[in-house]
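Remarks on the structure that follows.
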Amino acid sequence: MKFNKWFLFLIPIIAILAYFSIPKAKPVNETGADVLKIRRDKDSALKDDEESPIKDKATFKGLKYYSFNKDYIVDFVLEKAEKAKTVELKMTDGTTEKLILFGKIKGELGGFAISLVLYQHDDGNFFLPFKDKTAPTETYGGGRFLDLPLTNVKNNRLRVDFNLAYNPYCAYNEDFACPIPPAENTLPIRIEAGEKLFN
């Protein structure tokens with residue numbers, strides 16, 4: 001049988017058609033499967049990692065979390081500052097940490113209009129420290145954090161998944177220092193998502 005060179009051009013077309021005919025998986029954020037995996041991986045790391053802030057690793061059985069709730073996944077409007085600048089965020093031990101002030105994010109959550117100051121790491125990814133009404137009885141009194149990749153930005157909106165909100169290491173061990181959320185990022189509502197108090 002003689003080889004038909006035109007078949008080489010058909011292969012990528014067939015592959016593309018096959019790809020688009022495969023049923024797409026449901027976005028993991030709708031089920032929380034990705035969040036649950038992140039939590040399991042974190043618990044495992046805190047139990048085994050030498051740099052873990054957990055003092056008694058032998059009895060550590062995992063952190064406490066609110067149940068996954070897709071209502072706490074919000075697309076905020078990005079408002080970039082007129083001029084990028086480096087600012088110093090106060091730390092719990094009295095020192096400061098330098099971060100890039102990106103600007104603000106604005107949106108609505110639980111019927112409330114929300115505006116939060118947004119920071120950026122040197123690698124370009126975002127850092128969002130905040131404090132809400134669940135502190136200090138259900139979550140760490142010093143506030144919680146979110147690390148947000150640049151890939152969460154689409155059409156000038158930043159997707160924020162509060163289910164991934166976490167406590168800083170200083171919540172588990174006083175030997176660690178952590179940033180203090182600015183007053184502007186203190187929310188007048190409860191964010192019943194993410195990490196809870198360990199004890």
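Per-structure values
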quantity: One residue from 98, 80, 55, 90 being of a type outside the set (A, V, I, L, M, F, W, C), touching a strand residue (DSSP E or B) at 6+ places or on another chain (Cβ under 8 Å) and in contact (Cβ under 8 Å) with a residue 40 or more places away in the chain; calculated: 90
quantity: Residues of the range 113-141 satisfying the condition of being farther than 19 Å from residue 194 by Cα, in a loop (DSSP other than H, G, I, E, B) and polar (S, T, N, Q); calculated: 125
quantity: Residue in the range 183-192 that is in contact (Cβ under 8 Å) with a residue 24 or more places away in the chain, touching a strand residue (DSSP E or B) at 6+ places or on another chain (Cβ under 6 Å), surrounded by fewer than 19 Cβ atoms within 10 Å (Cβ to Cβ) and among the β-branched types (Val, Ile, Thr) present; calculated: yes
quantity: Residue match in the range 82-93 (condition: within 17 Å of residue 145 (Cα to Cα) and touching a Gly at 6+ places or on another chain (Cβ under 8 Å)); calculated: yes
quantity: Residues being closer than 15 Å to residue 195 by Cα and exposed (fewer than 12 other Cβ atoms within 10 Å of the Cβ) - total across the range 65-86; calculated: 1
quantity: Index of the failed condition, residue 160 passing every other in (1) crowded, with 21+ Cβ neighbours inside 10 Å; (2) under 23 Å from residue 46 (Cβ atoms); calculated: (2)
quantity: Unique match (being of a type outside the set (Ser, Thr, Tyr), more than 23 Å from residue 85 (Cα to Cα) and crowded, with 18+ Cβ neighbours inside 10 Å) among 155, 167; calculated: 167
quantity: Residues satisfying the stated conditions in the range 142-152, i.e. outside any loop (DSSP other than H, G, I, E, B) and surrounded by fewer than 19 Cβ atoms within 10 Å (Cβ to Cβ); calculated: 147, 150, 151, 152
quantity: Residue 176 in contact with a helix residue (DSSP H, G or I) (Cβ under 8 Å, 6 or more places away or on another chain) and within 25 Å of residue 61 (Cβ to Cβ); calculated: yes
quantity: First in the range 145-165 and farther than 13 Å from residue 127 by Cα and touching a residue at least 12 places away in the same chain (Cβ under 8 Å), second anywhere and among the small types (Gly, Ala, Ser) and crowded, with 20+ Cβ neighbours inside 10 Å, Cβ under 9 Å, 6 or more apart; calculated: 163/193; 163/194
quantity: Looking only at the range 106-117, and only at residues there that are farther than 20 Å from residue 168 by Cβ and among the hydrophobic types (A, V, I, L, M, F, W, C), the one that is surrounded by the fewest Cβ atoms within 10 Å (Cβ to Cβ); calculated: 113
quantity: Residues being outside any loop (DSSP other than H, G, I, E, B), out of contact with any helix residue (DSSP H, G or I) (no Cβ under 9 Å at 6 or more places or on another chain) and closer than 16 Å to residue 72 by Cβ - total across the range 83-112; calculated: 4
quantity: Residues being at pLDDT below 85 and either assigned to a helix (DSSP H, G or I) or surrounded by 15 or more Cβ atoms within 10 Å (Cβ to Cβ) (or both) - total across the range 13-54; calculated: 13
quantity: Pick from the range 113-128, criterion over 13 Å from residue 162 (Cβ atoms) and touching a helix residue (DSSP H, G or I) at 6+ places or on another chain (Cβ under 8 Å), ranking: modelled with the lowest pLDDT; calculated: 124
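The values are calculated or read from the model by the stated rules, or taken from the named source; none is laboratory data. Just so it is clear, the model here is predicted, and its values are computed rather than measured. Cβ: placed from backbone, ideal geometry, glycine included. Neighbour counts: every protein chain shown.
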